[in-house]
1. Going Cα to Cα from A:Lys192, which aspartates and glutamates come in below 13 Å? Please leave out same-chain ones fewer than 8 positions away.
2. Go ahead and estimate [θ] at 222 nm for chain B from helices alone: -39,500 (n - 2.57) per DSSP H run with n ≥ 4, summed, over the residue count, rounded to 500.
3. Using amide H atoms built 1.01 Å from N in the peptide plane, name the residues 5+ places from A:Gly288, or on other chains, whose amide H lies under 5 Å from its own.
4. Considering only B:Ala301, B:Ala276, B:Ala90, give the residue with the highest GNM mean-square fluctuation for chain B, with springs between Cα atoms whenever their separation is below 10 Å.
5. In degrees, nearest 10, range 0 to 90: what is the angle between the Cα axis of helix B:215-227 and the longest Cα principal axis of chain B?
6. Say each of A:Gln381 and A:Val418 gets a label point 7 Å from the Cα, pointing the same way as Cα to Cβ; how far apart are those two points in nm?
7. I'd like the orientation of helix B:288-313 relative to chain B: the angle between its Cα long axis and the longest Cα principal axis, in ° from 0 to 90, rounded to 10.
8. Could you give each residue of the range B:49-66 its phi-based ³J(HN,Hα) in whole Hz, using Karplus coefficients 6.51, -1.76, 1.60 with θ = phi - 60°, and x for Gly or Pro?
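Only the coordinates and a few stated rules stand behind these numbers; no lab work does. Remember, it's a predicted structure, so these values are computed and weren't measured experimentally. All Cβ positions, glycine included, derive from the backbone under ideal geometry; neighbour counts span all protein chains shown.
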Amino acid sequence: MRASFLGFEIAKSGLQTAQTGLDVTGQNMSKMNTEGYSRQVVEQSTVYYDSTSYKYALMNSDKFGQGVSITQINQIRDEFLDTRYRAANSEDSSLSKSLSILTNIEEVFDETLNDGLSVILEEFYTRLQTLSSNTGDIEFSGLVRSSAQKITETLNYYNKQLETINEQEKFDLSVSIQDINTLTEKIVQMNKAVQFETLQGNPTNELLDTRNLYLDKLSSHINISTESNTDGTISVKVGSQYLIDSKHASVATVSLQDDTDGLAIITESGELEVISGDLKGYLDTLNGNGAYAEDSGNDFNGIPYYQKSLDDFAKSFAEMFNELNSTEKPLFAGDSASTIILSEEWLKNSNYITTTTSSDPSEGMNDNILRMIIALDSPRQISDKFNGAFDEYVSKLMTDIAIDVNFAFDMSKTASTVLSSVDNQREAIKGVSLNEETVNLMKYQKAFEASARVMTALDEMLDTIINRMGTVGR
Amino acid sequence: MRLTNNIISKNYIKNLHESLTDLNASNTRVTAERRYMKISEDPATALKAMKIRKNLSRLDMYKENLSDAQGLLNQYESTISNINDIVTEALAQVSQGTTGTSDSAVRITVANTLRGYQESILAAANTRYAGDYLFGGENVGDIPFLTADNGELLYHGESMNTGSFSDEYRFIDIGIGLTLGDGGVVEPKSAMNIANTGAALLGAGVDENGITNNLYNLLGKIADKLENNDIDDIRIYSDKLNDKADDIRLQYVSIGEKTNFISYFTGRIESEKLNATEKQTELEGINIEEAIIAFNQQELAYNACLQMGTKILQPSLLDFLD
């Protein structure tokens, strides 16, 4: 026998579910632009017929579901896409960081719109030529000297600029590292909250969203992988090392190690294997020794590579001209890009430059100037790896940086396309669609109306039974 | 794929940004009239252009060196023409002084005139160009020609009759492959010698008859003879003077050849420069019409992109519900 008020319970559950549905729809709509939010859906199930609560068997006709209940409110999210997004994000930020630093280096060397080392070198060459037909004239030897001074000053300046970029980027790197530690701390706190609420049986959707957002941000700094634990917490690894080990409740602090071998990212338990993220971009450009790298060293063409290249240039240039001018009369002092200057004697006297090696020198002899002109244009072992003229060496440096920037630009473009495609895929799963939510809005509204109508119908039925039944012939 | 409003707006912003970046790039190309602004935009072209810039600077420099050499030659030419005039005059004077009819008074006058010519030749030989002694050979800083107490000409302190004079070199690079030969000395074929030596100008040493080869000394000798009325063998000396006159004219002609050589070379450099400049424009420059058309197309695309924005970002089902 069916209970008289059974239908009311069913209608009530319908009304409640529709209401919750409307609430969740409203929540989705209101948060559609909130960063990191993943849409939620109401998971409904029928309240099934339960025979244990009845003493006697019911008629078959009464054996139907007993309305609807809300199992839980789920967030729609694909963990696999999260992992892919983070990998793509790491790669993208690594490349865009390299690109931005390389672009800064390029500005030092680029001579497309400005005159730089190669133009000044050419000017020096031309002035030596002019001196060769006007030896002994103080103004022409003065011009050669001022060009030479421009070369030393340009080398000093290039080195200074690279040094400035180095300092700036090192500072930015330390900011990134601080950010990593802050994010780890936040993730740990989210872990605790999730664990607590899970124990209480409360929903954790919003907490998970926030934690995922922190993980996304962390992935822009460094390559991370995550492991989920049964208690709802998450462990974060970089390579084989744990950054957050939730099982053992331990958190690593990331810091920067700066020693003679260059920069390294370390934690209490050793060096981190940085393979992507903006940290990778910083490390490559700040540690990259290029052709100067030892066996296992970083062979990216970074700031150290260009500084060492300029040092070799300065050293070789000074050596060559000092030798040509005669060993007792050096034209240049210093043996690196930062220290090279004109010798004091040359600064005092522009005719200090040796025009002839003749035993009976006279004004007009220019054999040594010609020797300098030829030497400047002839191949020379400027560095261990390079044999060529000085202007070719400068061109080589420009080629290196141009090709690296060009390559980084293309790679970065690709990486950002990949990232935006993964992001779109992820957004397609977790994002809020206004159309969909509007449909839901109408759906739940109609469902609410329908349940209310059921309620009215039942009410009228009871009215019929109670007030009108058995009144025949009264 | 499920499409959400956020995907649309994100993609739209990305595309709009790209479109604006392209618009900016094509705008810069038009206003700067350059194909690229940074070497990384087009490394291969930029490096080629860099080589051409160097090439152009070298060509300018060779041109400068050639024009220096030409300046020296011009001065040489006017000096030699001056000396040529003097020698022609001297020849006339000598033949006047050595005819049988002339008496000793005439001869002394002629002798004095010849000594005057000597002075003129000395002054001409010591001529300076841009502060340098033109005929100083390798030493252009010190006055090259002086006279000794016995009246003989000295070149850098050495008698031009008895001294030995080797070839002198002051090379300049004119772009024919300047190289060093043995012993760190410039290979003469690889450069142009701009040293003008006194020995070559006026002659040095003595011939098989013991007569000086030097123009100045020869005039002095003839003057001595005329003064002393010692004209029996004057014929040999006047013949010698004739030879010297021929020599001077020969030098005059050879200057013309050198000038031809220089102008030929300068012309070649000019045409190389023209080629290099053309190549440079081709590499670095843009075709302005094409660039403007490209810009207009880009602008159109950007405007279309903006217009689309108002169409796709706004509507959702909400816009059509009461």
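1. The reachable aspartates and glutamates, counting only those whose Cα sits under 13 Å from A:Lys192, are A:Asp231, A:Asp245.
2. Computed ellipticity for chain B at 222 nm equals -22500 deg cm²/dmol.
3. Correct list: A:Gly302, A:Ile303.
4. B:Ala301
5. 20
6. Spacing of the two 7 Å Cα→Cβ label points: 4.2 nm.
7. Taking Cα atoms only, the helix is inclined about 20 degrees.
8. Values per residue, Gly and Pro as x: 4, 4, 4, 5, 4, 4, 4, 4, 5, 5, 4, 4, 5, 4, 4, 4, 4, 5 Hz.
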